[in-house]
Structures are given as structure tokens and as C-alpha cells.
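Taking it in order: structure first as C-alpha cells, then the write-up.
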Amino acid sequence: MAEPRVMDIKDQPGFRSIAVICLLVLYIPVLILMIFSLNSGSLVTHWEGVTLNWYGSALLNEEFHSAAKNTLIISVTATIVSTICATLAAIGMTRVKPWRGLAAAFMVINLPLMVPEIITAVATLSFFALIAGTFGLNFGIGNLILAHTVFCIPFAYMPIRARLEDMDLTLEYAAADLYATPWNAFKRITLPLLVPGIMSGAALAFIVSFDDFTITQLVAGPGQTTLPLYIWNQIRRPMTPEINAISTILLLVSILFVSVSFLIARRRAK
Amino acid sequence: MPEQPGKNAIEVRGVRKVFGTGENQVAALDTVSVSIRENEFFTLLGPSGCGKTTLLRLIAGFDFPTAGEILLHGQDIAPLPPYKRPVNTVFQSYALFPHMTVAQNIGFGLEMLGKPKAEIEARVAQMLKLVKMEALKARRTSQISGGQQQRVALARALAPQPKVLLLDEPLSALDYKLRKEMQIELKRLQNETGITFIFVTHDQEEALTMSDRIAVMSAGKILQVGTPRDIYDRPAERFVADFIGETNFLPGTVVSKQAGVATVKFASSATISAGYPEGFNPTGEVTLVVRPEHADLVPDPAKGTITGTLSNIVYFGTDTHYHVKLDGGGENFIVRHQNSRSRAVTYETGAKVGIQFEEDAARVLKD
């Protein structure tokens, strides 16, 4: 009888209990937050009964509307621009002959993932202040869009690059062999096969932009409140379950996006 | 008919291909020249790393030669990108487009050539019929078996009616039985389409059974080009003799030669006539090559050209191999007998035996 040589982690003592504890620590606070969004009382710590009123008041809240609108404008624009940049960068770094500085370019693209966000935030703020001071230029909400686009690029870049590296290069040779010009080969073979990577890249970029707090907080000007900033402002006042309702809506939007991109990726991979 | 005249589909002239730079330079192809005729099933045969796939990639246009010319019907195609060459490839991994159906895959080349839709449809239907895949034309390529993928890859490469079809070890991923079937299928397709096939393989049996002519390659060079019979019966070099089939090597000394036949003396002072490759002038110490089935055992050592002791007898069902330790020393000599009911003599290990040679059994090798 051949013993399985690979250690099965599930056989290790304590594996199950540790796993369960980790999941509980991760999800119980979120669960409590969601449950209290249905609280009929006006405290987020004392349960009184079930109601959907807080969702109603959240949806009628003008400030929430304006914050949601700002968030969508910034996130959608930043997602589109950063995904296009990331796609071009990934193609330029996987489908060309190795060039000097390839490793450096890779570092530069991924650096925002490693630099502490507060430093990026301060740097971005100083940069826009400098532009405003020197040239008298202020792009309004464009400042936020620019800042978000920049820090979204590495998030969009990673899944796209991974997909390109996994792709069988022989397919592109086969297309060229069958009379496809480089542009046609890209359009008909590489791009369609890259779509799942682009979709997950875009979804990641959207989520990262959607819930960014640190950079947005520093760069945002008056009237540029996004949803995370709005929530932050609300919890500094006496909190009502309305904030739980808004947070839950945000959470559901995020889950929706992640699930959709996951499903698309899985269906395409088949 | 080794030198039958015919028009050349592909002429490779003095092609070199060097990979890497400086100290890491590797010559994958070292000044190779070969002509491949129209309507020929031509095989590039050699071990992995011999340069056969590099040569195929140069003809396809995926790589460009460091030096030399590649002519297609007399026109130099070496500088052209792959999409401008009327040459198609069947890849080892098939490289079918996973996001397209079988029919879309087959039609892709024609579509890229800008053919009208009706023509593409007609041609795809014809190709589906040719490779017997009509029933599966709407399937995704991931939903069909390996053998079926192989057929689709063939149909896709044949659909644009290329001047030359390149096949890069296309059968290596198939199991034995399917491989045998596809060998016959490939020969049929080549006969029916009349397209020149250039087939790359490391499988000598595949090369011998399918090819009109074979080029044996080693270390970036073409060692010998000829019909399967030429290559098998008249190998020019030790590598060719050794790579294809089982072989005996015997040392000897040339005593005289005349009209392409040398008289070679063994250590035992017995002599044998042996042909030698054209343009080669054998002198002094040489190596002879003898195929195991071109020699015979005799029970009386005095009647053998060379003598020895039977050291091993290996039974293979269809035939039996006798390993003979030669009296002069050196490698064991193998004699193959086809097993038939009429063979009267049986041999025992340890018996003294003589070995006789059929006429033309021995050849002088170049090295």
C-alpha cells in the first residue's frame, strides 16, 4: 500500500479549531454591523427590534447621494483609465524582447503596493499643492481621479500580467502562421483570451478606489466627499444604525463586484 | 531513386542560426543546406536539441536565420514575417484557439487572408470532411479528444492550401494506437492534397515508415539525406547508423578499393567487400557497419568470416537476437534471426560459432 506522501494539513491537530477561530474573528464584526443595520432602536450597541427604516433614511439622505455620486465618478473613471494603462504596461512587459530596465519598470509599477499609503497620500497632497501654488491649477475632482488612477494601476496590472504569462505563446505564433498580422493576432487571439484578466484587474481597481480612505481624505477638497469619507464624518457624531445600513450597502456592492469578476474569470477559463 | 530530378519546394542554403550573444552563443544550426522537393513527405529526424525544430521555425518564420537563405519556389522568404509566408504549421501542442469552435479554428487562416464568406464556409466544410470531423464542427476545442484536436490542427493548417505544411512532432502527444492511425492518416492527407510535408520527429520508426526522404540531424548539422532505405541500409556516419535501428560496428583495415567498393581485412585476416559513401576515400583503419539481420550464424566456426562465442540469446517473439562475443574482442556482435518453423539448427549459449555476411551487408563509415 502506497502511503500518500503529501502531508494533509487537515490531519494536523488543532487545524479545524484554528481555522474556525480565524473565520469568526474575521467575519463576526461584519456580521454584527449588518445585523445592527436592522435595529429599530437608534443605538448601534443596543438591540431593540427589526426595521428597514435605516435603509429608507439612508436612501433618502442627500449627503449620502452626493457622496455616492462622487465615489462612482472617481472609481469608474479611475478604473477605466488605470485598467487601460495596466493592460498596455502588461503587454509591453511580457510580449516584447527583454529590454534593459524591464525589472526596474516592474518595480516602479508595483511600488505603490509597498510604499505605506500615508506616504503616498502626503506626497500626492504636496504635489497637487505645488501645482496649485506654482501654476494656479486645480483640477477639482480631477485631482482625486488622478490620484486614484495612479494607485489603482498596480492592482489592475497584477491579474492582467498573470493572465498574459499563463497564456500559451504558441497561440500567437499559430495566429501569425495563419496569416494574422500582429494587430489582427492581438485583436482576435490575445485580447479575447486576456478579457478575464482585464475584468479581474478592473474589479480589483474598482474595489480599491471605491473604499480608499487615506489618500482621498488628504487630497479631497470641499464638496468632494466620497462614501468612506462620509462614513468617517458620521461616526464622529453620535452614531445611528443608518451608518450600519450605508456600510452594508457598500459591502454588498463590493461583494457583488468581486463575485461577478470571479464568475466571469471562471467561466472564461473553462 | 535518390537523385530523381524534381522542382524544389524549399531550398535551404547555408543557413546558420545562433542564439545568445558573446560567451553564451550557441549555434543551433551550423550552416545547413538542404533541398526539399514538391509533393514530398520530407522528415527531419534527430534527437532533441539537434536543431530540427529550429530549422522548422526558420521556415515558418518564427525565427530569422543569422546567415543564409531559405527559398520557397525560388523566392527568398527568410526576411518575411510568418503571416506573409504561404506556409502553415501543425504545432506539437496543436495550439488550437480555445475561444473558437472547431469550424472557426479551421476557417481562421482563410478569414485572415480576406477570403469571401461563402468560400470560407465551403472550404471549411471540405476540410471537416477531409479529416472526418463534420459532426463536431460546432464544438469548442476544449470539448474534443486529443486525437480529434490533432485532426482539427491539421485541417486548420491545410485549409489555406499552403505551398508547404510544416509538422512539429505532431504525433508525440498521442498514445501508441492513435499514433499508428494518424501516421496512416497523414500519409493519406499528403497523397490527397499533394502538398509538400516537412515533418519533424525524433522517432526513427515514424520517420522510416512515413517519409519519402529523411534528413538525419545531429548537433545543428544535417548528416545524411536520403530515402528511408538509403538511410537504413547505407548509413554514411556512425551517428546515423547508431541512431536508426540496431547496428554492429566492426574495426578493419582497407587493403584495396575499386569503383566504390573497398576490400577490408579483419584482425583475423579474413576479408570482406564493403561499399563506402560517395566522395569519401577510405584508407587505413576504418569502421564497418553491419545490420543484425544482414548477418547469419553458422555452427561451424571454420565457415564463418569472423568467429566468436555465443554469450546471450534473446527471444523477441518475431525474431531472436544472438549476442556473439567476438574472438578478436571489442563490442558484442548481434545477429538477428527471424523466427520461422524451418530453422533446423538451435544454438546454445557458450557455443563457438561463425558469422557469415550477406552480400553488401557491410558498409564503410565516414568516421
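The values are calculated or read from the model by the stated rules, or taken from the named source; none is laboratory data. Note that the structure is predicted; figures quoted are calculated from it, not measured. Ideal geometry is used to build each Cβ from the backbone, glycine not excepted, and the neighbour counts take in all protein chains shown.
Tell me the residue from A:T226, A:T248, A:T240 that is among the polar types (S, T, N, Q), under 29 Å from A:L146 (Cβ atoms), away from chain B (no Cβ under 14 Å) and out of contact with any Pro (no Cβ under 6 Å at 6 or more places or on another chain), please. Full working, then the answer.
Details: A:T248 fails: under 29 Å from A:L146 (Cβ atoms); A:T240 fails: under 29 Å from A:L146 (Cβ atoms).
Criteria check complete, one pass: A:T226.
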query: Given the conditions (1) more than 20 Å from the chain's Cα centre (by Cα); (2) small (G, A, S); (3) over 28 Å from B:T193 (Cβ atoms), and given that B:S48 satisfies all but one, which numbered condition is not satisfied?
result: (1)
- prompt: Tally time: how many residues in region B:86-98 are more than 8 Å from every other protein chain (Cβ to nearest Cβ), buried (at least 19 other Cβ atoms within 10 Å of the Cβ), closer than 16 Å to B:P160 by Cα and of a type outside the set (A, V, I, L, M, F, W, C)?
  reply: 0
- prompt: So A:E48 fits all but one of (1) part of a helix (DSSP H, G or I); (2) without any contact (Cβ under 8 Å) to a residue 12 or more places away in the chain; (3) surrounded by 10 or more Cβ atoms within 10 Å (Cβ to Cβ); what number is the exception?
  reply: (1)
message: All but one of (1) farther than 21 Å from B:V90 by Cα; (2) within 14 Å of chain B (Cβ to nearest Cβ); (3) outside any helix (DSSP H, G or I) hold for A:Y179; state the number of the condition that does not hold.
response: (1)
query: Of all residues in region A:182-197, which are at the interface with chain B (Cβ under 7 Å from one of its Cβ atoms) and either among the polar types (S, T, N, Q) or assigned to a loop (DSSP other than H, G, I, E, B) (or both)?
result: A:N184
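How about region B:178-268: which strands (runs of 3 or more DSSP E) wholly inside it have at least 1 residues that are over 22 Å from B:I10 (Cβ atoms)?
Output list reads B:248-258, B:261-265.
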statement: Output for Cβ contacts, cut-off 6 Å, separation at least six or different chains, first residue assigned by TED's automatic domain parsing to the domain that holds B:L55 in region B:28-41, second polar (S, T, N, Q) and not in a strand (DSSP E or B), reads B:A28/B:T54; B:L29/B:T54; B:F41/B:Q190; B:F41/B:S211
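Against the condition touching a residue at least 24 places away in the same chain (Cβ under 8 Å) and not in a strand (DSSP E or B), how does B:Y322 come out, does it pass? Give the steps one after another, and end with the answer.
Working: touching a residue at least 24 places away in the same chain (Cβ under 8 Å): yes; not in a strand (DSSP E or B): no.
In short, no.
Based on this model, can you work out whether A:L164 counts as facing chain B (nearest Cβ under 7 Å), within 19 Å of A:L88 (Cβ to Cβ) and either among the aliphatic types (A, V, I, L, M) or not in a helix (DSSP H, G or I) (or both)?
On the way: facing chain B (nearest Cβ under 7 Å): no; within 19 Å of A:L88 (Cβ to Cβ): yes; either among the aliphatic types (A, V, I, L, M) or not in a helix (DSSP H, G or I) (or both): yes.
Here the answer is no, as A:L164 does not meet what is asked.
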statement: Considering residues that are touching a residue at least 60 places away in the same chain (Cβ under 8 Å) and surrounded by fewer than 19 Cβ atoms within 10 Å (Cβ to Cβ), the number found within region A:151-185 is 1
task: Could you list, in sequence order, all residues of region B:17-41 that are touching a Gly at 6+ places or on another chain (Cβ under 7 Å) and surrounded by 21 or more Cβ atoms within 10 Å (Cβ to Cβ)?
output: B:A28, B:L29
- prompt: Pick from A:L26, A:L60, A:L31: which is out of contact with any Asp or Glu (no Cβ under 8 Å at 6 or more places or on another chain), free of Cβ contacts under 8 Å to residues at least 12 places away in the same chain, under 30 Å from A:I153 (Cβ atoms) and not β-branched (V, I, T)?
  reply: A:L26
- request: Report whether or not B:D168 is at pLDDT 90 or above, within 14 Å of chain A (Cβ to nearest Cβ) and over 30 Å from B:K117 (Cβ atoms).
  value: yes
statement: With the first residue restricted to region B:50-67 and required to be assigned by TED's automatic domain parsing to the domain that holds B:L167 and under 17 Å from B:G20 (Cα atoms), and the second required to be among the basic types (K, R) and in a helix (DSSP H, G or I), Cβ contacts under 6 Å at 6 or more apart or on different chains are B:D63/B:R57
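Residues being crowded, with 20+ Cβ neighbours inside 10 Å and not basic (K, R): count how many of those fall in region B:227-241.
Applying the first criterion (crowded, with 20+ Cβ neighbours inside 10 Å) to region B:227-241 yields B:231, B:234-236, B:239-241.
Checking which are not basic (K, R) leaves us with B:231, B:235-236, B:239-241.
Of the residues in that region, 6 qualify.
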- request: Assess whether B:P170 counts as being surrounded by 17 or more Cβ atoms within 10 Å (Cβ to Cβ) and closer than 20 Å to B:K84 by Cα.
  value: no
field: Where a residue in region B:251-276 is on the phi > 0 side of the Ramachandran plot and without any contact (Cβ under 8 Å) to a residue 40 or more places away in the chain and its partner, wherever it lies, is surrounded by fewer than 16 Cβ atoms within 10 Å (Cβ to Cβ) and assigned to a loop (DSSP other than H, G, I, E, B), with Cβ under 8 Å and at least six apart
entry: B:G260/B:E278
task: Return a yes/no flag: does region B:63-71 have any residue that is surrounded by fewer than 21 Cβ atoms within 10 Å (Cβ to Cβ), more than 9 Å from chain A (Cβ to nearest Cβ), closer than 23 Å to A:E172 by Cβ and out of contact with any strand residue (DSSP E or B) (no Cβ under 6 Å at 6 or more places or on another chain).
output: yes
- line: Of (1) surrounded by fewer than 17 Cβ atoms within 10 Å (Cβ to Cβ); (2) closer than 26 Å to B:R85 by Cα; (3) within 14 Å of chain A (Cβ to nearest Cβ), B:G194 satisfies every one except (3)
- prompt: Would you pick out the residues in region B:283-299 that are surrounded by fewer than 18 Cβ atoms within 10 Å (Cβ to Cβ) and either acidic (D, E) or assigned to a loop (DSSP other than H, G, I, E, B) (or both)?
  reply: B:T283, B:G284, B:E285, B:E293, B:D296, B:P299
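Does region B:171-203 hold any residues that are under 29 Å from B:G114 (Cβ atoms) and polar (S, T, N, Q), and which are they? It would help to see each step written out before you state the result.
We begin by selecting, within region B:171-203, every residue under 29 Å from B:G114 (Cβ atoms); these are B:189-190, B:192-198.
Those that are under 29 Å from B:G114 (Cβ atoms) and polar (S, T, N, Q): B:Q190, B:T193, B:T196.
Working only within region A:82-119, note down all residues that are polar (S, T, N, Q) and at pLDDT below 90.
Taking region A:82-119 and keeping what is polar (S, T, N, Q), we get A:82-83, A:87, A:94, A:110.
Result: A:T94, A:N110.
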message: Let me spell it out: the conditions are (1) without any contact (Cβ under 8 Å) to a residue 12 or more places away in the chain; (2) not charged (D, E, K, R); (3) not in a helix (DSSP H, G or I), and A:S42 meets all of them except one. Which number is the exception?
response: (1)
message: If I ask for residues that are in a loop (DSSP other than H, G, I, E, B) and either closer than 21 Å to A:P112 by Cβ or aromatic (F, W, Y) (or both), which ones from region A:136-153 would you list?
response: A:F139
message: Take the conditions in contact (Cβ under 8 Å) with a residue 60 or more places away in the chain, under 19 Å from B:N39 (Cβ atoms) and more than 13 Å from chain A (Cβ to nearest Cβ) and apply them to B:I184. Does it pass?
response: no
query: Can you tell me which of A:G221, A:G201 is away from chain B (no Cβ under 14 Å), over 18 Å from A:A86 (Cβ atoms) and of a type outside the set (V, I, T)?
result: A:G221
